[in-house]
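Trainee: Below you'll find the structure I mean.
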Amino acid sequence: MAIPTLKETIAADIDLVIDPDDFAETAIVESKSIKVMFDSDRLGELTGHAQYAMGLDAVVMFARTEDLPPARKPGDALMIGSYDWTVMSWEDRAGVSEIALQRSR
């Protein structure tokens, strides 16, 4: 049996985390149906205001970078479902994008 490469191991880990049967869900991002995971707890860590994160109309979304449109800059819009969200930050970490979003008003 061949030992998997690091790239294969990372891909398998991403598949495990971004699995709709376990942690993720399917969402329409910019008219494309993809697997995503939303995390409101991470938002508090990113903003430095953990105690206020529950009251924010914002969320952090994780998705495979390859499934997403090109990365957006802070202040740019991203359509998820039927809502426009404003990108607060967008980081690619080993093939998984971590996107902090705030609901546009």
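Trainee: Using the basic label-point model (7 angstrom from Cα toward the beta carbon), what is the ALA77 to ILE28 distance in nanometres?
Mentor: 1.6 nm
Trainee: Mind ordering 74-82, 29-37 by average Cβ neighbours within 10 Å, highest first?
Mentor: 29-37, 74-82
Trainee: What are the ³J(HN,Hα) couplings of region 69-79, residue after residue, when phi is run through the Karplus curve with 6.51, -1.76, 1.60 and θ = phi - 60°? Round to Hz, x for glycine and proline.
Mentor: x, x, 3, 9, 8, x, x, 6, 8, 9, 8
Trainee: Taking amide H atoms as placed 1.01 Å from N in the peptide plane, list the residues 5 or more away in sequence, or in a different chain, whose amide H sits under 5 Å from that of MET79.
Mentor: Answer set, sorted by chain and number: GLU30, TRP85.
FYI, it's all coordinate maths here, none of it is from the lab. Just so you know, these numbers come straight off a predicted model, no measurement behind them. Using ideal geometry, Cβ is built from the backbone for each residue, glycine included, and neighbour counts are taken over all protein chains shown.
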